[in-house]
Structure formats: C-alpha cells, structure tokens
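Visitor: What follows is a single structure, and I will ask about it in a moment.
Just so it is clear, none of the values below were taken in a lab; they were calculated from the coordinates. Owing to the predicted nature of the structure, the values given are computational and were not obtained by experimental measurement. Every residue, glycine among them, receives a Cβ derived from its backbone with ideal geometry; neighbour counts consider all protein chains shown.
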Amino acid sequence: MFDRHQGNRRPRGRTMAGKVRRLASALVLGAAVMAAPVLSARADTTLLNVSYDPTREFYKDFNEAFAAHYKKETGETVTLQASHGGSGKQARSVIDGLEADVVTLALASDIDAIADRGLIAPDWQKRLADNSSPYTSTIVFLVRKGNPKGIKDWNDLVADGVEVITPNPKTSGGARWNYLAAWAYALKHNGGDEARAKDFVARLYTHVPVLDTGARGSTTTFVQRGIGDVLLAWENEAFLALKELGPGEFEIVVPSLSILAEPPVAVVDKVVDKRGTRKQAEAYLNYLYSTEGQALAAKWFYRPRDPAVAAKYKDIFPKVELVTIDDAAFGGWRKAQATHFGDGGVFDQIYKPK
Amino acid sequence: MDGAPRSNDATTEGPFLRLGLSGIALLYLALFLVLPLVAVFVEAFAKGLGPFLAAVTEPDALSAVKLTLIVAAISVPMNLVFGVAAAWAIAKYEFWGKSFLITLIDLPFSVSPVISGLVYILLFGAQGLLGPWLYEHDIKIIFAVPGIVLATIFVTFPFIARELIPLMQEQGTSEEEAAISLGASGWQTFRRVTLPNIRWGLLYGVLLCNARAMGEFGAVSVVSGHVRGLTNTMPLHVEILYNEYNFTASFAVASLLALLALVTLILKSVLEWRYGDEIAASARH
C-alpha cells in the first residue's frame, strides 16, 4: 500500500524512512493476514440475530442447538451471530443498516418501527403462531434477602422510604412492560379510573432514584451497586440474577397482578431476500417453537408456549393473574406506545427527574 | 561536572516542602493511576490462572483482539501519512486558511466520540446520505470493519499531526533549503533531512495514536453493531462480558488491553533509553 511506488529508491540503509517503510509494509501485510479469517467468516451461511439485552444466555444455548439440528436435517452448516443491546437501540441499528436476518426484540412496537421503514412486511406478527412470540415472560419484583421492606404487591412500592429500580421506558423494552403492569394494577384497583391510575404510576416514579437505559443496567445497579429496595424486572432476568449473582442474597416476589410480556420474533424480509437466507432464517425461528427450543427457553426462565413443555416446568413459574397488551385498557402496542411513551405522552407528563 | 559549585540554597526549596510535594504527587498517582490498574489485574486473576486463560483464548475474545489489532494496524499508518503531510504543510509553508486547517485538525479532540460515530451513521447508514447507494452496490461500511476503522481514524487523527507541528515549526526550513540548494530532490530532502529531525516526535505521536486506536470505545460503539466475534473490539467486548455477569472474563480482557498499552509505553521507554543521546540532540522528546 505504501511501499509500491517507493520501491526502487535507494539507498535504503539505516535511515528512518527505511524503517518506517518496512514497518508500514509489515503492518499492512499483518492486517491483511489477520483480516482474512474475519472476512471469510461470511462465506458459509451465516445468520445474524439482533436481539435485546436479557436473551444473551438463552440464545447462546439455542444457537448451538439450532446449528446442530439444521446440520442433521439438511446437511448444511449454518453459523449464528448475535448482537445484544437495549431493544429500542437494536431496532434503530437495524433501521440504520445493521444486516439482521432475524430480529428477536423485547416488544412488538420495536419490530413495528423496523416494519414501518419497509424492511419487514407489515403483517409480520401474523406470520408465526402466538403473535410471533414463541416464549413469554412477565414482570416480577426482586427484593433483598428477607424482604426487609415487606414488599408484597404494587401498592407496597409507593410506601414511604421504598426505593424502586426500573429502567427508562423511553429506551428499554422491559421498562415499558414494568410501567404498563403498574398501570394495569392501578386500573384494576381503582375501578378503571384512568386519572387515578395515572396518579398511582406518577407516585411510583417518584420512588425511582435512577433510570438506567436498559434492563441489564438496572439489574447491575440493584445487584452490584446495592442501590434500591426492589427491582422491577423481567421474570427471566430476576431468575438469572438469582442464579448468577448469589442465591440466598435476593428473593423473588410475585405481585397479585402482572402483565403478559410477549417478546416477538421476525424475519427481516429485505435482508434475507438480498442475502438469500430466507430458508435458514425461517427454519431458525420455527425451531424456537419446537420442543427442544421451548425446553431451552424454559431452561433460561422464559415461559414456554408449548403446553407439554410448560407442564414440565410448571413448578418454576408461579401462577399469576396476567393482563395482556391487547386488553381494552391498552389496545395493542401501537396505541399504547403512542399514548404512554410517545413525545408528550403520559410518561412525559408524569415523570419529573429529581 | 564534579567541580561545579552546588546549587544556591536560595533557589532550592526546603527538604520538607520537597518531600511533601513529591509525596502528594506520588499519592495522587497511586490513587488515580496505579490502584485502578492493580484492581483490574487483581480482579482478572481473582479465580486463578485457568479462568483467566480460558477467558482470553475464548473465540469471541480472540476475534476481538484480532479486530482491535487490525483497526490499529490500518488507522495508525493512515494517520501517520496524513499527520506528517499536514504537519509538513503547516510548518514549512505559508498559505491562506492555515489557522483554519490547524483548528480543523483539532476538531476530533473537541467533539464527543459519540458524535464522531453518529456522523458516520448519518453519512453511511441505511437512512443516511450515501446509505441507499451503498446498499445497492452491496458495500458495507457501517456495522462492519470499514466503519470501525473510519471512526477510529477520525478520533485519533490529531495525535501525530499535533505532535509534529510545533516540532517542525521550531526547526524552521533552513536545513531543507540547504539540502535543496545542494541539488536534492523534494523526496530526498524529506527523507534524509526532515524525517531524521522529527523521528522522535513522530514515534511519540505514533505510540499515542496507537494507544488511543486500540482503546477507543464511544465512537466505535456507535458504528459497531456489536456482533459477537465479528464487529466487537476489545473495549466493546469488555463491556459485553461485564453485562453478562462474567466479571472475571471481563477484567481478564481488560487486563489484556491494559497490557497492550503498557507494552507501548515500555517500548517508548526502551527506545528513549537506547537512543537517549540522539533524542537530546534533536531537541524535544
């Protein structure tokens, strides 16, 4: 790159220029050698799954299982790549050109946003069973050992001196589920009075000392930094925190009512059609619904859809009354997103940073 | 030397003041530099050598190391060429808009790295200015190695030029003029007169540039897409591992990164020690 047109000048000798030149060509050569394997990694069929924060451990397992399954079924080798981050941010990256073959995000409105740019067919949520959500979760409370503040249900969160940790609903999918679960509880206990529900949720957010951008950030704040009395968390994230960070230091509290969180999945049509990976991408998502896929989801604390698998794991997941996003109170993600989390929406009206 | 009179007491501080000042300086260094560095290594080896080695030889970690080295190997030589060219033009010639050029070179220092990354998203992203054209021609810049290299070049651009400009200005143009009047060509003059004069400043700039290129987080994070084993550099990998509750592995990779920086510094010290006389002869550094 640098050496070419300087090749025949003499004398090389021990000048600095000679050294610099040799160094430069060595670096370029080195870069080329090292770049080769990175670039050729795309030669086999590869699929990129762009996902949200708490699915890392699950998809690490699932990707291996799928690669083995697909090899056995078709003889083809498929390599899975994964990218994780806050659900909204990940959707933004796909919109900006991150070539995801499949997206597996925290909530439907993030995939809607991608569909709105023409990357995914508008009817994506009808293409797979169960609203294209092969596994579900819900929102639970994680409290410190012995539950010193005696937190049992949503109304205990607004008691004096209780600090609640939850991420920012503007950037985090999990946080939006947290918010809506609280809203549903307040509606139910106030006879459907929206003004009083709004008041309750506003009071709840005055108990939040810090809003992280993502679910994993909030978990770290609560668990590692020791801030707050209760963490509003994905059920799977709460179980994982118990498992990874010290069983016996925390307890899970299941509130009387919560929300059915449906993290959906979709093939990114524009990308798979361009890369010729539709067949593999669809097989990948379908495998999420298989018995093996469902069992892996349950292993990583997602509630499986398959009744047989769910029966096997029923002791792990506590029974809880669940409202869904399609309830009359919310009217689906598009409406809920605009009403509650859009610019000037309910959240903007009630949240005042301290 | 031996016969020289001892320095005058009036210009020397008392022993307490001297000790006190060096004590404060050392304490400050220990607190803000050494302690965190030690903490990284302690945490990295908290579970012993086995987990440390497992963490740094894991395929995703290896590919992060590889990518970091590739990015540095491309961006440092690029900035070397452009840095020398810019410093040469600024120090040896007078032209209209020179001070504007100097300001422009400093721009990456004054802009937040996140903005540096976003600029490339706005330019090359699918919704960006050149995005649709790039998409049609199947050229990937953002969320791929070229984007990471571009962002790194942008962020590390001033290091070499900034190091060379004052040095070259101080040296003036008389030696070059002498060489040319003796019949040397432009390239010969540069290679045999200018380059030897600036080599230590150049080396210093390269080392600084390299250290930053390997360590850059913000700008790279914006354009990376965070695909494991493909577009994760070492600093990004450290963050990912930390977020996966994988603290030992996270600090293991961090210690590796620190080690790379330390090697750079040691290299610089060794060169200074070996060529100390030459350095003193060629003014700074």
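Visitor: By how many nm would the segment from B:Leu182 to B:Lys47 lengthen if fully extended, with 0.36 nm per residue of separation less the alpha-carbon distance?
Guide: 41.9 nm
Visitor: Where the centre of each part is set by its Cα atoms, how far does the stretch A:46-96 sit from the stretch A:262-308, in angstrom?
Guide: 9 Å
Visitor: Further, regarding this structure: Treating cross-link reach as a plain straight distance, find the aspartates and glutamates whose alpha-carbon is under 17 Å from the alpha-carbon of A:Lys71, omitting any fewer than eight places away in the same chain.
Guide: A:Lys71 reaches A:Asp44, A:Asp61, A:Glu282, A:Glu292.
Visitor: If you don't mind, another one. Treat the count of other C-beta atoms within 10 Å as a stand-in for reagent exposure and order B:Val119, B:Val71, A:Val94 from fewest to most.
Guide: Ordered by Cβ neighbours within 10 Å, fewest first: B:Val119, B:Val71, A:Val94.
Visitor: In the neighborhood of B:Ala55, defined by Cβ-to-Cβ distances under 12 Å, what is the net charge if each Lys or Arg adds +1 and each Asp or Glu adds -1?
Guide: That works out to -3.
Visitor: Mind pulling the angle between the C-alpha long axis of helix A:278-288 and the longest principal axis of chain A? Nearest 10 degrees, somewhere in 0 to 90.
Guide: Compared with the principal axis, the helix lies near 40 degrees.
Visitor: Continuing with the same structure: Of chain B, which part is the longest with no trypsin sites (Lys or Arg not before Pro) in a loop (DSSP not H, G, I, E, B) and with at most 14 other C-beta atoms within 10 angstrom?
Guide: B:7-283
Visitor: Could you give the Stokes-Einstein D for chain A in µm² per second, using the C-alpha Kirkwood radius, 20 °C, 1.002 mPa s?
Guide: Calculated translational D: 96 µm²/s.
Visitor: With helices defined as uninterrupted DSSP H runs, which ones in chain B have an alpha carbon span along their own long axis of at least 15 Å and mean Kyte-Doolittle hydropathy of at least -1.0?
Guide: Within chain B the helices that satisfy the rule are B:15-29, B:59-92, B:98-110, B:113-124, B:145-156, B:158-171, B:195-215, B:247-274.
Visitor: Sticking with this one: For a quick check of your reading of the filter: which trypsin sites (Lys or Arg not before Pro) in the stretch A:160-227 sit in a DSSP loop and have no more than 13 other Cβ atoms within 10 Å?
Guide: A:Arg225
Visitor: Would you pull out the residues with amide H under 5 Å of A:Gly97's amide H, same chain only if 5 or more places away, H placed 1.01 Å from N?
Guide: Hits under the 5 Å cutoff: B:Ala126.
Visitor: Taking 0.36 nm per intervening residue step and subtracting the Cα-Cα distance, what contour gain separates A:Lys60 from A:Asn190 on full extension?
Guide: 42.5 nm is the gain from fully extending A:Lys60 to A:Asn190.
Visitor: Helix A:235-245: angle to the longest alpha-carbon principal axis of chain A, degrees 0 to 90, nearest 10?
Guide: Orientation of helix A:235-245: about 70 degrees from the principal axis.
Visitor: Which trypsin sites (Lys or Arg not before Pro) does the stretch A:56-141 hold that lie in a coil by DSSP with at most 16 other beta carbons within 10 Å?
Guide: In loop regions of the stretch A:56-141 (DSSP not H, G, I, E or B), the sparsely surrounded trypsin sites (Lys or Arg not before Pro) are A:Arg117, A:Arg127.
Visitor: Let me ask something additional. Taking a cut-off of 17 Å between Cα atoms, list the lysines near A:Lys145, but don't count ones fewer than 8 places away on the same chain.
Guide: A:Lys243
Visitor: On to the next question. For A:Gln81, enumerate residues with amide H under 5 Å from its amide H, sequence gap 5+ or separate chain, H modeled in the peptide plane.
Guide: A:Leu47, A:Leu48, A:Asn49
Visitor: Exceeding 27 Å between C-alpha atoms, which entries from my cross-link table qualify? They are B:Lys66/B:Lys98; A:Lys60/B:Lys66; A:Lys126/A:Lys188.
Guide: Over 27 Å Cα-Cα: B:Lys66/B:Lys98; A:Lys126/A:Lys188.
Visitor: For chain B, what size does the Cα cloud have along each of its three principal axes, sorted from largest down, in whole Å?
Guide: Projected onto its principal axes, the Cα set of chain B covers 65, 54, 29 Å.
Visitor: Here's something else I'd like to know. In straight Cα distance, which aspartates and glutamates are under 13 Å from A:Lys274, not counting same-chain residues fewer than 8 positions off?
Guide: Cross-link targets: A:Glu99, A:Asp101, B:Glu136, B:Asp138.
Visitor: Whole Å is fine, so just give me how far the alpha carbon centre of the stretch B:11-25 lies from that of the stretch A:102-162.
Guide: 61 Å
Visitor: Just need the relative contact order of chain B here, percent rounded to a whole number, with Cα pairs under 8 Å and 6+ apart.
Guide: After rounding, I find 29 percent.
Visitor: Give the relative contact order (percent, whole number) for chain A; include only Cα pairs under 8 Å separated by 6+ residues.
Guide: Relative contact order here is 21 percent.
Visitor: Considering only Cα-Cα distances, which of the following residue pairs are longer than 22 Å: A:Lys170/A:Lys335; A:Lys89/A:Lys198; A:Lys270/B:Lys140; A:Lys152/A:Lys319?
Guide: A:Lys89/A:Lys198
Visitor: Measure of size requested: the Rg and Dmax of the protein assembly as shown, with Cα atoms as the atom set and Å as the unit; please supply both.
Guide: Values for the protein assembly as shown (Cα only, Rg and Dmax): 29.5, 98 Å.
Visitor: By counting other Cβ atoms within 10 Å of each Cβ, how are A:Ser218, A:Ser83, B:Ser269 ranked from fewest to most?
Guide: Ordered from fewest to most neighbouring Cβ atoms within 10 Å, A:Ser218, A:Ser83, B:Ser269 come out as B:Ser269, A:Ser83, A:Ser218.
Visitor: Let me ask something additional. Cut-off 16 Å, label point 7 angstrom out along Cα-to-Cβ of A:Asp199: give me the residues of the stretch A:126-156 whose amide nitrogen falls inside.
Guide: Correct set: A:155.
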